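Q: Just dropping this structure here.
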2 protein chains.
Amino acid sequence: MQFLILAAGKPSLGYAKEGVELYLNRLRPFGKTELKLVRDGSSQDVSKRLLAASEGCLRIAMDERGELWTTRKLVDLAKDWQMHSVRRIAFLIGASDGHTEELRSRCNHILSLSKFTLQHELALVVLLEQLYRCHTILAGTPYHR
Amino acid sequence: MQFLILAAGKPSLGYAKEGVELYLNRLRPFGKTELKLVRDGSSQDVSKRLLAASEGCLRIAMDERGELWTTRKLVDLAKDWQMHSVRRIAFLIGASDGHTEELRSRCNHILSLSKFTLQHELALVVLLEQLYRCHTILAGTPYHR
């Protein structure tokens, strides 16, 4: 099971870059987690790029109007993906004006990290922390604070 | 209207410290927002310290089992606090094992930033980003990314 995180635009906030690095490092022992950045632009363009980059993956769009999952729910889904040999799971973080309807309709899940509107680089950190937490629970290893 | 954020323990994650600094700086022009750290310890001890430090404030406990607010809802509440001259609003972030029932019962709101279990320093960054966002909306000033 590999996680692919796709986001639009280069991170510009120092703390968010650091947070992303930290969790990508912590995720390393658990298998492949890859962060790929696509070029920023209009909702239309970014959605197309995100769809192209996630071809063949189970797709999860990040959207504040999506479902709210508990950590438990994410872990249960991850167990399911492992059991059914779903190899690649892509998390799609859009441009600031959101995803197109087409992208939303082509995703397996629409996930909301928070009902609050989160700055999208911060959303990326929250997502990575959650994937790290999920892996520690699956592996039964301690969570490093 | 002043925001007082109370959290247990010293931040130890570099990126979170930086994120906290960034948003506290951005919040400065909008009036007083203060972060106070209380000594870490058992749920019992931390809850007592948080209650003592927030005496006289409208209290909001951060708890993943709490209500999920949209940014709009926070802004509407903030308008209400301004209108009713609620001077000090305290946000209480507990120890990793959560708040006591006593603390919960003495708070005006129980707020959940996410249904996901968030590392509590990351929760602090998310909260501060949200307070900054709230202030920019109230003031009608642009949000700096």
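Q: Would you pick out the residues in the stretch A:1-16 that are in contact with a Phe, Trp or Tyr (Cβ under 8 Å, 6 or more places away or on another chain), under 25 Å from A:His99 (Cβ atoms) and within 14 Å of chain B (Cβ to nearest Cβ)?
A: From the stretch A:1-16, those in contact with a Phe, Trp or Tyr (Cβ under 8 Å, 6 or more places away or on another chain) are A:1, A:3-6, A:15-16; that's our starting set.
When the remaining residues are screened for being under 25 Å from A:His99 (Cβ atoms), the result is A:1, A:3-6, A:16.
Within the stretch A:1-16, A:Ala16 is the sole residue that qualifies.
Q: I need the full set of residues from the stretch B:45-58 which are exposed (fewer than 15 other Cβ atoms within 10 Å of the Cβ) and not in a helix (DSSP H, G or I), in order please.
A: The answer is B:Glu55, B:Gly56.
Q: If you take the residues in the stretch A:97-142 that are in a loop (DSSP other than H, G, I, E, B) and facing another protein chain (nearest Cβ under 8 Å), which one is farthest from A:Glu18 (Cα to Cα)?
A: A:Lys115
Q: What number of residues within the stretch A:90-105 satisfy the criterion of being modelled with pLDDT under 90 and in contact with a His (Cβ under 9 Å, 6 or more places away or on another chain)?
A: Number of matching residues: 3.
Q: Report, by residue number, each residue of the stretch A:17-47 that is under 17 Å from A:Arg133 (Cβ atoms), of a type in the set (Gly, Ala, Ser) and more than 11 Å from every other protein chain (Cβ to nearest Cβ).
A: A:Gly31
Q: So if I check each of A:Leu118, A:Leu111, A:Leu124, A:Leu128, which one is at pLDDT below 95 and under 24 Å from A:Asp40 (Cα atoms)?
A: Numbers: A:Leu111 fails: at pLDDT below 95; A:Leu124 fails: at pLDDT below 95; A:Leu128 fails: at pLDDT below 95.
Being at pLDDT below 95 and under 24 Å from A:Asp40 (Cα atoms) holds for just one of A:Leu118, A:Leu111, A:Leu124, A:Leu128, which is A:Leu118.
Q: Please determine whether any residue of the stretch A:106-117 is buried (at least 21 other Cβ atoms within 10 Å of the Cβ), of a type in the set (D, E, K, R) and in contact (Cβ under 8 Å) with a residue 12 or more places away in the chain.
A: For the stretch A:106-117, residues buried (at least 21 other Cβ atoms within 10 Å of the Cβ), of a type in the set (D, E, K, R) and in contact (Cβ under 8 Å) with a residue 12 or more places away in the chain: present.
Q: State all residues of the stretch A:67-90 that are outside any helix (DSSP H, G or I), within 14 Å of another protein chain (Cβ to nearest Cβ) and buried (at least 17 other Cβ atoms within 10 Å of the Cβ); if no residue qualifies, say none.
A: A:Trp69
Q: Separate question: Looking at A:Val20, A:Val86, A:Val75 in this structure, which one is touching a Cys at 6+ places or on another chain (Cβ under 8 Å) and in contact (Cβ under 8 Å) with a residue 60 or more places away in the chain? Show your work before the answer.
A: Working: A:Val20 fails: touching a Cys at 6+ places or on another chain (Cβ under 8 Å); A:Val86 fails: touching a Cys at 6+ places or on another chain (Cβ under 8 Å).
When all the criteria are applied, what remains is A:Val75.
Q: So, B:Ala61, is that one under 14 Å from the mean Cα position of the chain (by Cα) and part of a strand (DSSP E or B) or not?
A: Judged against the criteria, B:Ala61 is a match.
Q: For the stretch B:1-39, what are the residues that are surrounded by 16 or more Cβ atoms within 10 Å (Cβ to Cβ), of a type outside the set (A, V, I, L, M) and outside any helix (DSSP H, G or I)?
A: Across the stretch B:1-39, the qualifying residues are B:Phe3, B:Gly9, B:Pro11, B:Thr33.
The values are calculated or read from the model by the stated rules, or taken from the named source; none is laboratory data. Only a predicted model underlies this, so the values are computations on that prediction, with no experimental measurement involved. Ideal geometry is used to build each Cβ from the backbone, glycine not excepted, and the neighbour counts take in all protein chains shown.
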